[in-house]
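The values are calculated or read from the model by the stated rules, or taken from the named source; none is laboratory data. In this text, all values refer to a predicted model and were calculated from it rather than measured experimentally. No Cβ is skipped: glycine too gets one built from the backbone with ideal geometry, and neighbour counts run over all protein chains shown. Keep in mind that these areas ignore ligands, DNA and RNA; they rest on the heavy atoms of the full protein, side chains included. Shrake-Rupley method; radii C 1.70, N 1.55, O 1.52, S 1.80 Å.
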Amino acid sequence: MKIVFTESMMNKLSDHKLSLTYPPGTRIRLVQMNDRWNTSVKPGDTGTVTSVRDYIGVINMKWDNGSVLGLMPDVDEFEIIKEETT
């Protein structure tokens, strides 16, 4: 099997941008997911980042509904949930 690294993959390898932007513990709300397997994660669902795999561009998630489906920032649409200050 031959692995071919795209320019996008190389950029992710070099700067770890995802890890800096979405550290473990970051709360996320899903806006829209390109999910051809139709899993249980739906728009509006929330979850917590558990880890990031910069080298393939995936944010590993633990969704509040129990799913562990990861996010792909170049494909899926989501937002960081900002903590409310009182």
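Key figures
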| quantity | calculated |
| --- | --- |
| For the range 45-86, accessible area per residue (1.4 Å probe, heavy atoms of protein chains only), Å² | 62 Å² |
| Contour minus Cα-Cα distance for Glu77 and Ser51 (0.36 nm per residue) | 7.6 nm |
| Residue-span extension gain [Met1 to Thr39] - 0.36 nm each, minus C-alpha spacing | 10.8 nm |
| Ranked packing of 54-67, 23-36, most packed first, by mean Cβ within 10 Å | 54-67, 23-36 |
